[in-house]
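Read the structure below first, then the notes.
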Amino acid sequence: MDQEAARTVRESLDLAFHMSNILDTGLDRHTLSVLIALCDKGLNPEALAALVKELPKELPAPPPPALP
């Protein structure tokens, strides 16, 4: 990807993230980029949105590592 294309992608993600924050979606930048990539691959955006709504808002913290 050339520098201009990379800059355009970054600016588009920044704009989408800004709109996401205004709408108070609770999505972080990485999650939003994954969702956009899935839509770009042809996944149905409405079905994807329904799935995201069903996911827990916070995943439980992983258990601490076992001590030797």
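Divide the volume of the convex hull around the Cα atoms of the chain by the residue count and you get 157 Å³ per residue.
As I understand it, the value is the acute angle between the Cα axis of helix 45-54 and the longest principal axis of the Cα atoms of the chain; what does it come to in degrees, rounded to 10? For helix 45-54, the angle is close to 20 degrees. Other residues whose C-beta falls under 11 angstrom from the C-beta of D14 contribute a net charge of +2, scoring Lys and Arg +1 and Asp and Glu -1. In sequence order, region 19-34 has phi-based couplings of 5, 4, 5, 4, 7, 6, 6, x, 7, 7, 4, 5, 4, 4, 5, 5 Hz under the Karplus curve 6.51 cos²θ - 1.76 cosθ + 1.60, θ = phi - 60°, and Gly or Pro positions carry x.
Values quoted throughout were computed directly from the atomic coordinates according to the rules given, and no laboratory measurement underlies them. All values derive from a computational prediction rather than experimental measurement. Cβ atoms come from the backbone with ideal geometry, glycine included; neighbour counts cover every protein chain shown.
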